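What follows is a set of notes on a single structure, which appears directly below.
The values are calculated or read from the model by the stated rules, or taken from the named source; none is laboratory data. Bear in mind the structure is a predicted one, so any value in this text is a computation, not a measurement. Cβ sites come from the backbone with ideal geometry, for glycine too, and all protein chains shown count toward neighbours. Note: areas computed on protein heavy atoms with side chains; ligands, DNA, RNA excluded. Shrake-Rupley method; radii C 1.70, N 1.55, O 1.52, S 1.80 Å.
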Amino acid sequence: MTKNVEIKQKPTKCPECGNLEIAEIFYGEYREFLKKRDQNIVFGGEYYFSFMPKYLCLRCELEFRDKNI
């Protein structure tokens with residue numbers, strides 16, 4: 001099972017491992033993702049639903065979901 005945490009805004013560091021590298025998860029067309037790949041972004045798939053995570057810790061893979069759902 002994937003670990004996840006509810007948040008109100010983008011975290012500055014991971015509460016699980018302390019890593020400062022938190023990536024935004026991009027949902028949408030892959031070709032649009034390729035235009036942004038120089039940024040700290042990972043591809044999440046073509047479809048987005050409100051319960052899906054918005055951010056990801058690049059070390060321990062903790063996922064962060066929007067708390068307002």
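Note on segment 12-42: residues that are open to solvent by less than 100 Å² (accessible area, probe 1.4 Å) and either closer than 14 Å to E61 by Cβ or free of Cβ contacts under 8 Å to residues at least 12 places away in the same chain (or both) amount to 13. Taken over segment 16-37, the criterion of being part of a strand (DSSP E or B) and acidic (D, E) is satisfied by E24 alone.
Scanning segment 25-41 for residues being among the aliphatic types (A, V, I, L, M) and out of contact with any Phe, Trp or Tyr (no Cβ under 7 Å at 6 or more places or on another chain) gives a total of 1.
Are any residues in segment 1-11 surrounded by 10 or more Cβ atoms within 10 Å (Cβ to Cβ) and touching a residue at least 24 places away in the same chain (Cβ under 8 Å), and if so, which ones?
K3, N4, V5, E6, I7, K10, P11
Residues that are touching a Cys at 6+ places or on another chain (Cβ under 7 Å) and either over 18 Å from I7 (Cα atoms) or in a loop (DSSP other than H, G, I, E, B) (or both) within segment 38-62 comprise R59, C60, L62, listed in sequence order.
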